[in-house]
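Beneath this line is the structure, given in structure tokens, with notes to follow.
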Amino acid sequence: MPNSIIQRSVRWLHHLEDLLLASVLTTMLTLAITDIAMRLITGGSLIWIPPVLQVLVLWLGLLGALLASRSQEHIAIDVISRFVGPLGKKICGISGSLFAALVCSLVAYFSIIFLQQSIEYDDIAFAQVPAWPLQLIIPFTFSLMAFRFFLHTLGFIRIKDYQPNPALKGESV
């Protein structure tokens, strides 16, 4: 019973991430097309569209990184794991996932400090819009990635022949 609740929760979270990623991409495309059409038709456009698109590029990149970490399709340097046996692959998986979890945790921690300073100094992104709500994506995505990599570390430690992404079964970790 608890496993099915966990699996449903994870699936729900994945669907939510996919929806957010698709929404950001759709919004970007709509705004960019609107901006181009307005420039062609009227010779001008709304002044707030380019800065919003810049923020959405950040959001899209970080959500894409989150998606890549979810399916273990992120950039990884796994030269050693290709030449070692099962125990070596396990050690590479543990050390790589733990290192990634620590790095993502540090980025999340310092991005929270950055966010606090942005609030403290009343940073403005554009058109009197405060910067901090637009920057929330940074600690959110890096915290979630750190959590995922930590779970992968536990998976490598506790589960025999652990494969973070079963779709990559034949490839190295």
Which condition from (1) assigned to a helix (DSSP H, G or I); (2) of a type in the set (D, E, K, R); (3) modelled with pLDDT under 90 is the one that Glu73 breaks?
(1)
So the check is Cβ under 7 Å with 6+ separation or different chains; which pairs have a first residue in the range 95-111 that's over 14 Å from Thr153 (Cα atoms) and in contact (Cβ under 8 Å) with a residue 24 or more places away in the chain and a second one that's of a type in the set (S, T, N, Q) and crowded, with 17+ Cβ neighbours inside 10 Å?
Ala108/Ser143
Among Ile91, Ile124, Ile113, Ile119, which is the only one that is touching a strand residue (DSSP E or B) at 6+ places or on another chain (Cβ under 7 Å) and surrounded by fewer than 17 Cβ atoms within 10 Å (Cβ to Cβ)?
Ile124
Is there a residue being under 20 Å from Ser71 (Cα atoms) and touching a helix residue (DSSP H, G or I) at 6+ places or on another chain (Cβ under 9 Å) anywhere in the range 37-52?
no
Of (1) out of contact with any Asp or Glu (no Cβ under 8 Å at 6 or more places or on another chain); (2) more than 30 Å from Arg158 (Cβ to Cβ); (3) surrounded by 15 or more Cβ atoms within 10 Å (Cβ to Cβ), Ile33 satisfies every one except (3)
Pick from the range 105-161 the residues that are outside any helix (DSSP H, G or I) and of a type in the set (Phe, Trp, Tyr): which of them is modelled with the highest pLDDT?
Tyr121
Test each condition in (1) under 29 Å from Thr153 (Cβ atoms); (2) not in a helix (DSSP H, G or I) for Ser45 and report the one that comes out false.
(1)
Note down all Cβ pairs under 8 Å where the first residue falls in the range 136-150 and is closer than 12 Å to Leu58 by Cβ, the second is assigned to a helix (DSSP H, G or I) and among the hydroxyl-bearing types (Ser, Thr, Tyr), and they're at least six residues apart or on different chains.
Ile138/Ser111
When you go through (1) assigned to a helix (DSSP H, G or I); (2) more than 16 Å from the chain's Cα centre (by Cα); (3) over 19 Å from Arg158 (Cβ atoms) one by one for Val84, which number turns out not to apply?
(1)
Go through Ile6, Ile49 for me and flag whichever is among the β-branched types (Val, Ile, Thr), closer than 22 Å to Ala131 by Cα and either touching a strand residue (DSSP E or B) at 6+ places or on another chain (Cβ under 8 Å) or at pLDDT below 95 (or both).
Ile49
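The values are calculated or read from the model by the stated rules, or taken from the named source; none is laboratory data. Here the structure is a predicted model, which means the values were calculated and not measured. For neighbour counting, all protein chains shown are included, and Cβ atoms are generated from backbone atoms with ideal geometry for every residue, glycine included.
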